[in-house]
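Asker: Take a look at the following structure, please.
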Amino acid sequence: MEIPQYDIKGNNQPAVDVSDDTFGVALNKKLLAQYVQIHHENVSIGTRKTKDRGEVSGGGKKPWRQKGTGRARAGSSRSPVWVGGGHIHAIVPHLDTHVRMPKKMRVKALSVALSWHAKQGSLFAVTQFTMEKPKTKDVVAFLASRDLTGKSVLFITNEMDKSFVKSVSNIQKVDVIAASQLNAYSVLSHSVVVCIGDSYKTL
């Protein structure tokens, strides 16, 4: 299987051969949906919290004696039936909701995501981006040459070059990620995927 390749000016270069096991996998919507669901569950943060009667401050002293006052007995002013008391079945955040998908399924999901982009024509390679110092305009010019201005683009690289990373960070909807850290969610959340150099061999 081949994917298109361009130079940093957007000119056509010879297509590169890629692995069918990584870029030629059949679409599996069920697997991708499961992966995305697990990803969302793992990144969610439990922030909702209410206090039960043991957590509300005060209420340590019995409001009045048990008998002889004519009032209903009470043991604490922080009982849930009192105004200002604790909540019955208080809401607590889910502290441990981390779900881990098996490695084989994660790898398969990544291959399915990359293959989907390859079949859509939204995945290609670029020869190399070498920068001595950050130059956002060079990246912007490349994106414009491929009609990618304003689109969400993910650059995949073997080495996180500081100058290139800084150049990309100034452009909205454009991200860069190391090939070793790539995951299916990152691929699916971008409209276009660009492999820098031979990073496609690492995937």
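The values are calculated or read from the model by the stated rules, or taken from the named source; none is laboratory data. Keep in mind that this is a model prediction, so the values were computed, not measured. Reconstructed Cβ throughout: ideal geometry from the backbone, glycine too, with neighbour counts over all protein chains shown.
Asker: Please specify each residue of the stretch 147-188 satisfying the condition of being of a type outside the set (G, A, S) and in contact (Cβ under 8 Å) with a residue 60 or more places away in the chain.
Answerer: Once the filter is applied, which keeps residues that are of a type outside the set (G, A, S) and in contact (Cβ under 8 Å) with a residue 60 or more places away in the chain, the stretch 147-188 yields L182, N183, Y185, V187, L188.
Asker: How many residues are outside any loop (DSSP other than H, G, I, E, B) and either more than 21 Å from S186 (Cα to Cα) or over 25 Å from the mean Cα position of the chain (by Cα) (or both) if we restrict to the stretch 1-21?
Answerer: 12
Asker: Tally up the residues in the stretch 95-132 that are among the basic types (K, R) and assigned to a loop (DSSP other than H, G, I, E, B), please.
Answerer: Here the count works out to 1.
Asker: Filter the stretch 16-68 for residues that are among the basic types (K, R) and within 30 Å of K119 (Cα to Cα) and give the result.
Answerer: Across the stretch 16-68, the qualifying residues are K29, K30.
Asker: May I ask you to verify whether V92 is assigned to a loop (DSSP other than H, G, I, E, B) and either modelled with pLDDT of 95 or more or exposed (fewer than 11 other Cβ atoms within 10 Å of the Cβ) (or both)?
Answerer: The answer is no for V92.
Asker: Next up: Go through (1) in contact with a strand residue (DSSP E or B) (Cβ under 9 Å, 6 or more places away or on another chain); (2) among the β-branched types (V, I, T); (3) closer than 18 Å to Q5 by Cβ for T130 and report which single condition fails.
Answerer: (1)
Asker: Still on this structure, I have one more. Please go through the stretch 1-17 and pick out each residue that is surrounded by 15 or more Cβ atoms within 10 Å (Cβ to Cβ) and at pLDDT 95 or above.
Answerer: I3, P4, Q5, Y6, V16
Yes/no per residue for (1) modelled with pLDDT under 95; (2) farther than 29 Å from K108 by Cβ; (3) assigned to a loop (DSSP other than H, G, I, E, B):
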position	(1), (2), (3)
L143	no, yes, no
L148	no, no, yes
E159	yes, no, yes
S163	yes, yes, no
V176	no, no, no
S186	no, no, no
H190	no, no, yes
C195	no, no, no
L203	yes, no, yes
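Asker: Only one of (1) modelled with pLDDT under 95; (2) more than 30 Å from K9 (Cα to Cα); (3) exposed (fewer than 11 other Cβ atoms within 10 Å of the Cβ) fails for E132. Which number is that?
Answerer: (2)
Asker: Give me the residue from the stretch 22-40 that is modelled with pLDDT of 95 or more and not aliphatic (A, V, I, L, M) and, out of that set, farthest from the chain's Cα centre (by Cα).
Answerer: So the residue we want is G24.
Asker: Condition first: surrounded by 12 or more Cβ atoms within 10 Å (Cβ to Cβ) and closer than 22 Å to V92 by Cα. Now tell me which residues in the stretch 52-76 satisfy that.
Answerer: Of everything in the stretch 52-76, those that are surrounded by 12 or more Cβ atoms within 10 Å (Cβ to Cβ) and closer than 22 Å to V92 by Cα turn out to be D52, R53, E55, V56, G59.
Asker: Let me ask something additional. Suppose the filter is surrounded by 14 or more Cβ atoms within 10 Å (Cβ to Cβ) and assigned to a helix (DSSP H, G or I); does S180 pass it?
Answerer: Here the answer is no, as S180 does not meet what is asked.
Asker: Right, another one. Considering only residues of the stretch 97-129 that are within 22 Å of the chain's Cα centre (by Cα), modelled with pLDDT of 95 or more and of a type in the set (V, I, T), which is surrounded by the fewest Cβ atoms within 10 Å (Cβ to Cβ)?
Answerer: By that ranking, first place goes to V107.
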